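Notes to accompany the following structure.
The values are calculated or read from the model by the stated rules, or taken from the named source; none is laboratory data. Source: prediction; values computed, not measured. Cβ sites come from the backbone with ideal geometry, for glycine too, and all protein chains shown count toward neighbours.
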Amino acid sequence: MTSSSSAVSPARSPGKMSRRGRGEGPTTYDFRRPIKLSREHVRTLQIAFETYARSCGTLLTTRLRVVSSVTLASIEQLNYDEYVASLANPTVIAVVSLEPLPGSVLMEMASSAVMTAIDHMLGGPGGPQPERPLTEVEMPLLRGLLERMLGELRYGFETLVDIQPQLKEIEYNAQFLRAHQPGDACVVATFDMKIGVEECVASICLPFNTILPVLSRTEAVVLSAAERASRDQALRNLTDGLSAAPIDVAVRFQPIRMRTDDIVDLRPGDVVPLGHATSRPLEVTVNETVFAHAVPGNQGARLACLVVPSPKETSPKESGRR
């Protein structure tokens, strides 16, 4: 049984079509395979991918020395085989790992855009490019550019999760690439990319099981200026309160072990040897945690102690002089 439902995607220009031949109208909804991405999840991903797109556009402009831009077009949930069927052949697909997240991520760019980028890196004017595999000279240039773009992807996702993107391999035909099972759910972000006069569509394919745990523990909360000021003030109040809170501090000798009989037989006036060397400082503790060392003394008629460096902080030369 199927019905119609509007696709959830960021705003794009009216009438603009994606590579899959769909406009902004209703799309088929299959109740046997419900979409699991909530609107909050899509909004969270939209913020991350838009941040990546802006920084990636700046990177391409400075690296290629030609005006470039990258704009997020849509975020969709598809099966892996649907995503592969939507790609052109040939195309350039980078297989990427996002440590510590599991699975492989695919970053796809049109061959024409890749050849144009390499032409600009080599000092060329861009323009129409041949469709062919990259040479041994061009491949390192592409890998270097993709690694720089992956750095921008890390920047875009840093508010969600700290990832370490690593480029593993590059493929030209998605049909030969078995990164996932055909029925695996994926989150596909589509971008409108422009390098000089060359315009194309690029995409990033994230395994659904890889990104869902990150989205589930992340709440995308947009605060107003007043709410942000109130939260900051509450944080300052909490910090000031904790800093001024009184705690019990104890200064103690080195602990000793005694038998139960000896403790029971203790009487007033008995002397218990502590075995604490006179050259060893006392321990300053809070809740049985040692955080400083001190030597005993007095201040007027009151007992006092002077905080000194810990024994382990004393250098061997200083210990020898003492």
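Values computed for the structure shown
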quantity	calculated
Selection status of V284, assigned to a strand (DSSP E or B), in contact with a His (Cβ under 9 Å, 6 or more places away or on another chain) and surrounded by 10 or more Cβ atoms within 10 Å (Cβ to Cβ)	yes
Residues of segment 232-281 classified as surrounded by 10 or more Cβ atoms within 10 Å (Cβ to Cβ) and of a type in the set (D, E), total	3
Number of the exception - E169 against (1) under 24 Å from the mean Cα position of the chain (by Cα); (2) surrounded by 16 or more Cβ atoms within 10 Å (Cβ to Cβ)	(2)
Restricting segment 172-198 to residues that are of a type in the set (V, I, T) and assigned to a strand (DSSP E or B), the residue that is surrounded by the fewest Cβ atoms within 10 Å (Cβ to Cβ)	V188
Residue list for segment 98-111, filter: part of a strand (DSSP E or B) and at pLDDT below 90	L98, E99, S104
Test: M109 is buried (at least 17 other Cβ atoms within 10 Å of the Cβ) and in contact (Cβ under 8 Å) with a residue 40 or more places away in the chain	yes
Top-ranked residue of segment 114-141 - restricted to ones that are in contact with an Asp or Glu (Cβ under 6 Å, 6 or more places away or on another chain) and either among the polar types (S, T, N, Q) or touching a residue at least 60 places away in the same chain (Cβ under 8 Å) (or both), ranked as farthest from P213 (Cα to Cα)	G126
Which listed residue is over 17 Å from C186 (Cα atoms), part of a helix (DSSP H, G or I), in the same structural domain as G196 (by TED's automatic domain parsing) and touching a helix residue (DSSP H, G or I) at 6+ places or on another chain (Cβ under 7 Å), from V66, V84, V114, V70	V114
Pairs where the first residue, in segment 185-203, is farther than 18 Å from D81 by Cβ and the second is acidic (D, E), C-beta under 7 Å, 6+ apart	V201/D192; A202/E108
Selected residue (criterion: nearest to L98 (Cα to Cα)) from residues of segment 156-166 that are surrounded by 17 or more Cβ atoms within 10 Å (Cβ to Cβ) and of a type outside the set (A, V, I, L, M)	P165
Scan of segment 84-97 for residues that are surrounded by 20 or more Cβ atoms within 10 Å (Cβ to Cβ), at pLDDT below 90 and not β-branched (V, I, T), ordered by number	L87
Filter pass, L145 being part of a helix (DSSP H, G or I), within 10 Å of the chain's Cα centre (by Cα), at pLDDT 90 or above and surrounded by 14 or more Cβ atoms within 10 Å (Cβ to Cβ)	no
Residue match in segment 199-214 (condition: modelled with pLDDT under 90 and in a loop (DSSP other than H, G, I, E, B))	no
Hey, T61 surrounded by fewer than 17 Cβ atoms within 10 Å (Cβ to Cβ), touching a strand residue (DSSP E or B) at 6+ places or on another chain (Cβ under 8 Å), modelled with pLDDT under 90 and not aliphatic (A, V, I, L, M) or not	no
